[in-house]
Structures are given as C-alpha cells and as structure tokens.
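A quick write-up on the structure given underneath.
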Amino acid sequence: QVQVVESGGGLVRPGGSLRLSCAASGSIYSIWAMGWYRQAPGEQRELVARVTSGGDTNYVDSVKGRFTIGRDNAKNTVYLQMNGLKPEDTAIYYCKVVLTPTNADYAVDYWGQGTQVTVSS
C-alpha cells in the first residue's frame, strides 16, 4: 500500500504566498518523479511543476519565476513554494508521485486527494 498526502492549501490574497507539501509513504521501492498538478473549475488538469529523482525540474510557463519545487528524498516529500500568487492560480492542487512499489518491476502513478488553493481579495 502506498499513501500520498498533501497539505498546505488555503485562502490567500493576491501577491501572497503559500507552501504546499506532499509526502509519500508505504511500500515504496523507488520514487522516480514527484510533481504538482492543478485543476480549476471547468478546466483540464495541468502540470504545474515536476522534479525527477535526479533533481531536474520543469514548470508551466505561467508560474516560472514565482513557484519553486523542491524535494527531500530522505523523507519522500515534495514541496511547492508559491509566491506572488494571482487569482488565476486558484485551483485544486494535486500531488502525483511516480514510483516503483516494493517487489515490483514497473512504475505506477499515485495521486493525492488534492488541496484547495484560493487567491482572492
């Protein structure tokens, strides 16, 4: 069994900051990548930021320079520091972990339950 749990969402004013955290636990052999996606009402889910096991990162253009993704391999945790938040950042943010479970030889995507981020004055 693998669990992916997010935390850190909330309500913030435009220009404010939030830090999201996501921790994976359970029967994990290796984690290959961890990332954050978001889905606004009526929109498709989109990749926000992603970090690989080697430390390579990529971001959607709309958050470059404002959001920073970080990873603590020892804790199987990924963070998303969000600065300069805008109303258009309002969405449910989901964590996705690409990992190989214990005693397996394939990779599986695990998703968290999502955390609401609302940017409003």
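We did not get these values from a lab; they are worked out from the coordinates using the rules stated. This structure is a prediction, so every number in the text was calculated from the model and none was measured. Because the Cβ atoms are built from the backbone with ideal geometry, glycine has one as well, and the counts that use them run over all protein chains shown.
Can you find a residue in segment 34-54 that is of a type in the set (Phe, Trp, Tyr) and in contact (Cβ under 8 Å) with a residue 40 or more places away in the chain?
At the first step, the residues of segment 34-54 found to be of a type in the set (Phe, Trp, Tyr) are 36-37.
Now narrow it down to the ones that are in contact (Cβ under 8 Å) with a residue 40 or more places away in the chain: 36-37.
Among the residues of segment 34-54, at least one is of a type in the set (Phe, Trp, Tyr) and in contact (Cβ under 8 Å) with a residue 40 or more places away in the chain, which makes the answer yes.
Return a yes/no flag: does segment 41-49 have any residue that is closer than 14 Å to Arg19 by Cβ and over 11 Å from the mean Cα position of the chain (by Cα). Give the derivation first.
First, the residues of segment 41-49 that are closer than 14 Å to Arg19 by Cβ: 48-49.
Among the residues that remain, those that are also over 11 Å from the mean Cα position of the chain (by Cα) are: none.
Within segment 41-49 (the criterion being closer than 14 Å to Arg19 by Cβ and over 11 Å from the mean Cα position of the chain (by Cα)), the answer is no, since none of the residues qualifies.
May I ask you to say which residue of Gln81, Gln44 is surrounded by fewer than 19 Cβ atoms within 10 Å (Cβ to Cβ) and part of a strand (DSSP E or B)?
Values: Gln44 fails: part of a strand (DSSP E or B).
It is Gln81.
Considering only residues that are surrounded by fewer than 20 Cβ atoms within 10 Å (Cβ to Cβ), part of a loop (DSSP other than H, G, I, E, B) and of a type outside the set (A, V, I, L, M, F, W, C), which ones fall in segment 92-121?
Of everything in segment 92-121, those that are surrounded by fewer than 20 Cβ atoms within 10 Å (Cβ to Cβ), part of a loop (DSSP other than H, G, I, E, B) and of a type outside the set (A, V, I, L, M, F, W, C) turn out to be Thr102, Asn103, Asp105, Tyr106, Gln113, Gly114, Ser120, Ser121.
Might you let me know whether segment 61-77 holds any residue that is surrounded by fewer than 20 Cβ atoms within 10 Å (Cβ to Cβ) and of a type in the set (A, V, I, L, M, F, W, C)?
Yes: one or more hits.
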